[in-house]
1. Run the quick spin-label model on LEU20 and ARG39: label points 7 Å from Cα toward the beta carbon, then report their separation in nm to one decimal.
2. Taking a probe of 1.4 angstrom, what is the accessible area of SER36 in Å², to the nearest 10?
3. May I ask you to order 10-19, 53-62 by the average number of other C-beta atoms within 10 Å around their residues, highest value first?
4. In angstroms, what radius of gyration and Dmax does segment 20-76 have, counting Cα atoms only?
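The values are calculated or read from the model by the stated rules, or taken from the named source; none is laboratory data. Treat the numbers as computed from the prediction; the structure is a model and nothing was measured. Cβ coordinates were reconstructed from backbone atoms using ideal geometry, including for glycine residues, and neighbour counts include every protein chain displayed. Accessible surface areas use protein heavy atoms only, side chains included; no ligands, DNA or RNA. Shrake-Rupley method; radii C 1.70, N 1.55, O 1.52, S 1.80 Å.
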Amino acid sequence: MARHIVIVDDEPNIGLSLRLILEREGYRVSVVKSVSEFRTQHPRGDVYLLDVRLPDGSGIEILKFVRAAEPASLVVMISGQATIADAVEATR
């Protein structure tokens, strides 16, 4: 079975582009656009690609949830607008 990658990004073109690339490589991919959509659907993944800045919160909120619920999952934070403070908080 292909590994499952969950993308959380509010930019439709980013989510679609990443999805197409990863599916071509054989991964199963879910894309959600907000913290609330993630909480509602809570797709379980092996790898999470999380945008730092989302319209209703932060990918760091999702990072904390994933770390507590699925400590073996890999998380990659992505952003076109993050600050040094965001990077430091995500690293903690």
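1. Output for this residue pair reads 3.3 nm.
2. Number for this one is 60 Å².
3. Working: 10-19: 14.3, 53-62: 18.2.
Most protected by this proxy first, the peptides run 53-62, 10-19.
4. Computed over the Cα atoms of segment 20-76, radius of gyration and Dmax are 11.3, 31 Å.
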